[in-house]
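The values are calculated or read from the model by the stated rules, or taken from the named source; none is laboratory data. Note that this is a predicted model, so its numbers are computed, not measured. Ideal geometry is used to build each Cβ from the backbone, glycine not excepted, and the neighbour counts take in all protein chains shown. Ligands, DNA and RNA are excluded from the accessible area calculation, which covers all protein heavy atoms including side chains. Shrake-Rupley method; radii C 1.70, N 1.55, O 1.52, S 1.80 Å.
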Amino acid sequence: MAKSKRGSLSFGCFLLLLISLMGMVALGWMLVQIPVLAEQRFGYASSKLDVFDRYWYSLKLLLKYAELTTPLEPQATPRPFVIQRGETAEQVAIRLQREGLIRDYEAFRDYMVYSGLDTAIQAGEYEISPAWNAIEIGHQLLDATPDQITFVILAGWRVEEIAASLPTSGLQITPEEFLQFVRNPPSEWHPAGRDSTGMSLEGYLFPGEYRFRRDASVREVVAAFLDRFNEQVDANLREGFSRQGLTLHEAVTLASIVHREGVVEEERPMIASVFYNRLRAGMKLDADPTVQYALGYNSIQQTWWTNPLSRDDLMVNSPYNTYQNTGLPPAPICNPSLSAFQAVAYPADSPYFYFRARCDGSRKHSFAKTFEEHLQNACP
């Protein structure tokens, strides 16, 4: 009987040993499979990781699979996200979670380290959506070229200057396409209304900063400029134009001249008053910017605004030349600022009929009631 018990005990030990060996084999197989499974689900691990780190990050990612592959808000739209120069992957991950773009910043950070993308993040502006999962967002952060671009119209630009800025803007609109549209817009688009047939949109492309998709069409871009115009040149301003006896188109035309003449904003109401006084007296406006507009591009100076003007320039044959023609020119000469519109709607009350640039480099003007006083204001 004792011999039989020893045999049973030996068999039990053998069985336990066998089970232990099988467990170790299974464990070893699982350990081997962890990086394989991670590779299947998350792609290749970074070559910078050593064997231990590869196993460690593979295991962490597998445990956080749902957090990495499930979007936070499946129906959400992209929104701006800015990465500052010098930010680490962990800092970026923390902000992504704080701003409601990812579920788990630690899982996101671990994925970026595992894949080697943590050192490839670019500083810049992005459009990121919580409808993307964390892995998709991680790959988006490698290219700082945003889906949207910022486009700027400087106050006082004429349409050709706006067109010239398009090739470097990020928009896919050519200068030729833009000019063709703004010079021949659909009549129902023109803010001037039913009397605008055949009129360019010069003067109505409101200056400022705009955000567009890179693939925005010329119609979408111009519509945004006109919407801003209608928003800024509101009912109060238009009532002011009417009190001065001007139609909207006449007011935009005068504002374009006031803007080009008045470099210093505070002077624009006074400059507007001079032009009103001259118009009411039947005098020519004698405005240099109208001649500059008539002359067009100066290939020698490489500008649309020739300066200084010669005596021959003042004789150019054009309906825009206010040295040769009384009244306002037929259309605006640039796209003026809001302050120029305000000056036309609410001009200063002055007795002045003349102004000229001061000689002190301030870019301000000296004003005069008479031509004799005007001559006395000339520089020595």
Unique match (being farther than 14 Å from LEU338 by Cα, in a helix (DSSP H, G or I) and among the aliphatic types (A, V, I, L, M)) among LEU285, LEU246, LEU279: LEU279
If you check THR247 against the conditions, is it polar (S, T, N, Q), farther than 19 Å from VAL152 by Cβ and within 28 Å of the chain's Cα centre (by Cα)? no
Within segment 338-357, how many residues are within 19 Å of LYS284 (Cβ to Cβ), within 35 Å of the chain's Cα centre (by Cα) and not hydrophobic (A, V, I, L, M, F, W, C)? 1
Top-ranked residue of segment 364-379 - restricted to ones that are over 16 Å from ALA287 (Cα atoms) and outside any helix (DSSP H, G or I), ranked as most open to solvent (accessible area, probe 1.4 Å): LYS369
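Within segment 347-363, how many residues turn out to be loosely packed, with under 15 Cβ neighbours inside 10 Å and of a type outside the set (A, V, I, L, M, F, W, C)? First the steps, then the outcome.
Of segment 347-363, the ones loosely packed, with under 15 Cβ neighbours inside 10 Å are 349, 351, 356, 358-363.
Still in the list and also of a type outside the set (A, V, I, L, M, F, W, C): 349, 351, 356, 358, 360-363.
Qualifying residue count, segment 347-363: 8.
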Check CYS359 against each of (1) farther than 18 Å from VAL258 by Cα; (2) in a helix (DSSP H, G or I); (3) among the hydrophobic types (A, V, I, L, M, F, W, C) and name the one condition it does not meet. (2)
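Among the helices (runs of 4 or more DSSP H) contained in segment 39-148, which hold 1 or more residues that are open to solvent by 60 Å² or more (accessible area, probe 1.4 Å), polar (S, T, N, Q) and modelled with pLDDT of 90 or more? Step through it out loud before you land on a result.
On the way: elements: 51-63, 65-69, 89-98, 105-115, 134-140.
Result: 89-98, 134-140.
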Condition check: at pLDDT 95 or above and either farther than 20 Å from ILE333 by Cα or open to solvent by 70 Å² or more (accessible area, probe 1.4 Å) (or both). Does ALA255 satisfy that? no
Of the conditions (1) open to solvent by 30 Å² or more (accessible area, probe 1.4 Å); (2) touching a residue at least 24 places away in the same chain (Cβ under 8 Å); (3) out of contact with any helix residue (DSSP H, G or I) (no Cβ under 6 Å at 6 or more places or on another chain), GLU265 fails just one. Which one is it? (3)
